[in-house]
1. Does PRO73 satisfy being modelled with pLDDT of 80 or more and surrounded by 14 or more Cβ atoms within 10 Å (Cβ to Cβ)?
2. Residue under question is GLY114, and the condition is that it be over 20 Å from ASN272 (Cα atoms), among the small types (Gly, Ala, Ser) and modelled with pLDDT under 85; does it hold?
3. Counting only residues that are of a type in the set (Ser, Thr, Tyr), modelled with pLDDT of 90 or more and surrounded by fewer than 21 Cβ atoms within 10 Å (Cβ to Cβ), how many does segment 122-167 have?
4. Going through segment 78-107 one residue at a time, which ones are modelled with pLDDT of 90 or more and surrounded by fewer than 18 Cβ atoms within 10 Å (Cβ to Cβ)?
5. Quickly run through segment 246-278 and pick out the residues that are surrounded by 21 or more Cβ atoms within 10 Å (Cβ to Cβ) and acidic (Asp, Glu).
Amino acid sequence: MKQIIILIIIIPSFCNGQQNLQNFKFNNKAGQTGSHKNAPKIPIFSIYGIANLNQETLKGFNAGGKASASVRPYIHYNKDSSVIKAIACYASFNKSASNNDSVIYSKLVFPELGRSSFIGTVQWERYKIKDDGNTHSTAVFFELALKSILTDSSEKGQKIFFDALNYTLGFKYGFNYTRENPFETGKTLNLGFYVAPFVSCYNIPDEDREDYNKIMFKNATIIGNENDLSDFVVNAGVKMGVHLNGIEFFTDLRHVFGRKVPIRELRGFHANIGFIFNADVLNFY
């Protein structure tokens, strides 16, 4: 039976571009557009930190942190700033990040599960701001993630480990409802959702292939020929989320194609469900 991973993340607004809508800066009253001077702005540069808490806490407390930043080298506003187009780059880096081999198959399928040494995203964004302040957004994104898997045991006195590269290409649509908060004077109420279909894969470097096979088959249920295990595994799915101000609930649904995957725990359907808490540190507009 497949595991459904429950993931809780304390994360900033710009992690992989999932929360761009919440970082609009309104110079006038929330929910009103007008002249270019009073229209909403999006950050050119942001700095933030990340900490995460995941399913590994069932075996012991395990939190990871990393330094992160985002930059938009290109931003274009139309005449009244009702349409904004941008190219955005997001990056998170954690030099000391590594993962043990518990729930290894889910860690390979989901780049955000566990701890990644590097996650980088390049995204083309388009925002359409309505007169009532509601925003429709579309984006095409490409993501690259690097993750290290280290076994808890050793062989001949040496630790067994391998690196995995994740590549993701997708499209995202989002809607954001912005109003003055009726419960808190001077504050903005943001309510929205997004849906992002994608194609993803992970690849194992040639020099890590031997250790990859040893770790993958360690506690696996074999279906078929072990020699069929590919070091290039493809999956496709959809990620959906709803948010209210700084709190988001998301679900990530994927299917791993099994022609070259003789491991039952890796093949087929996987789900990752969790919450995100946004913590902005610094934005430059």
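The values are calculated or read from the model by the stated rules, or taken from the named source; none is laboratory data. These numbers were taken from a predicted model, which means no experiment stands behind them. Note: ideal-geometry Cβ built from the backbone for every residue, glycine included; neighbour counts use all protein chains shown.
1. no
2. no
3. Looking only at segment 122-167, we keep the residues that are of a type in the set (Ser, Thr, Tyr), and these are 127, 135, 137-138, 148, 151, 153-154, 167.
Cutting the leftovers down to modelled with pLDDT of 90 or more gives us 127, 137-138, 167.
This time we only want the ones that are surrounded by fewer than 21 Cβ atoms within 10 Å (Cβ to Cβ), so: 137-138, 167.
Number of matching residues: 3.
4. Step one: filter segment 78-107 for residues modelled with pLDDT of 90 or more, giving 83-89.
Scanning segment 78-107 gives VAL83, LYS85, ILE87, CYS89.
5. Once the filter is applied, which keeps residues that are surrounded by 21 or more Cβ atoms within 10 Å (Cβ to Cβ) and acidic (Asp, Glu), segment 246-278 yields GLU248, ASP252.
Residues are listed down the side, and each one gets a yes or a no for (1) over 20 Å from LYS260 (Cβ atoms); (2) among the aromatic types (Phe, Trp, Tyr):
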residue	(1), (2)
ALA139	yes, no
THR151	yes, no
GLN158	yes, no
PHE175	yes, yes
GLU210	no, no
ASP228	no, no
